[in-house]
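K.L.:
One structure, pasted below without further comment.
The numbers here are math on the coordinates, done by the rules we state, and not lab data. Fair warning: this is a prediction, and the values are worked out from it, not measured in the lab. Cβ placement follows ideal geometry from the backbone for every residue including glycine, while neighbour counts extend to all protein chains displayed.
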Amino acid sequence: MTYYRDIDGDGFGNANYSYSLLACSAPVGFVANGDDCDDTNAQITAVTYYRDADGDGFGNPKDDVLDCSAPVGYVANGDDCDDTNAQITAVTYYRDADGDGFGNPKDDVLDCSAPVGYVANGDDCDDTNAQITAVTYYRDADGDGFGNPKDDVLDCSAPVGYVANGDDCDDTNAQITMVTYYRDADGDGFGNASYYVLDCSAP
């Protein structure tokens, strides 16, 4: 059996300092592997690298080597779902404890398909209550209380400068807002007060 000198006591031996003998256990200061990268520093050890055949930066978890630095064609992660196709990689899934279709942004996993109880979005505000989810807020650049329908974010509370409605017609001018229009079914120029819409121009 070959044993390797482990000067720094990290459990990894120096491949350049070996000792072959027939024994039931390793001599003091020796170990059965020669995988140390720096036997003067216990913090420096060999790392597992994964084959990245498709060059997408994600390695094959079933094809790995232990080395002191990445061999050509290998990377430090084994998160590839299909190492023959660079377009297919692992996806982040979020825990959906309350089953509302929105995941907890603080509880996620990287996987090739959604584990049971996980979803592809992390937009839940309270994953213990299915009634509480993120809300769409709209940018209110002119501060008139009406937001830009083309500039929105999904959040648990309104960010500074955002409002809960997207009814602004011109978010650069606080004087321009939506107008109430009434249905004029008979075309006489007078609308029905019971049927109306709020819009930027008459429908």
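K.L.:
Filter the trypsin sites (Lys or Arg not before Pro) in the range 1-105 to those in DSSP coil with at most 10 other Cβ atoms within 10 Å of their Cβ, and list the result.
P.N.:
On the way: sites: ARG5, ARG51, LYS62, ARG95; in loops: LYS62.
Within the range 1-105, the qualifying trypsin sites (Lys or Arg not before Pro) (loop, at most 10 other Cβ atoms within 10 Å) are LYS62.
K.L.:
Work out the length of the dipole vector of the range 1-107 about its Cα centre, built from +1 on the beta-carbon of each Lys and Arg and -1 on the beta-carbon of each Asp and Glu, and round it to the nearest 20 debye.
P.N.:
On the way: 5 positive and 21 negative charges, 86 e Å.
The calculation lands at about 420 debye.
K.L.:
Relative contact order for the chain using alpha-carbon pairs under 8 Å, separation at least 6, rounded to a whole percent? Each step should come with its number before you reach the end.
P.N.:
Details: 466 pairs, mean separation 19.1, N = 203.
Once divided by the residue count of the chain, the mean separation gives 9 percent.
K.L.:
With charges set only on the Cβ (+1 for Lys and Arg, -1 for Asp and Glu), what does the dipole of the range 15-169 come to about its Cα centre, in debye to the nearest 20? Numbers along the way, then the final one.
P.N.:
Details: 6 positive and 32 negative charges, 129 e Å.
Using Cβ point charges on Lys, Arg, Asp and Glu, the range 15-169 gives about 620 debye.
K.L.:
For the range 115-203, which trypsin sites (Lys or Arg not before Pro) are both in a DSSP coil and crowded by at most 13 other Cβ atoms within 10 Å? Intermediate results must be reported in sequence, preceding the final value.
P.N.:
On the way: sites: ARG139, LYS150, ARG183; in loops: none.
When the trypsin sites (Lys or Arg not before Pro) of the range 115-203 are filtered for loop state and at most 13 Cβ neighbours within 10 Å, nothing remains.
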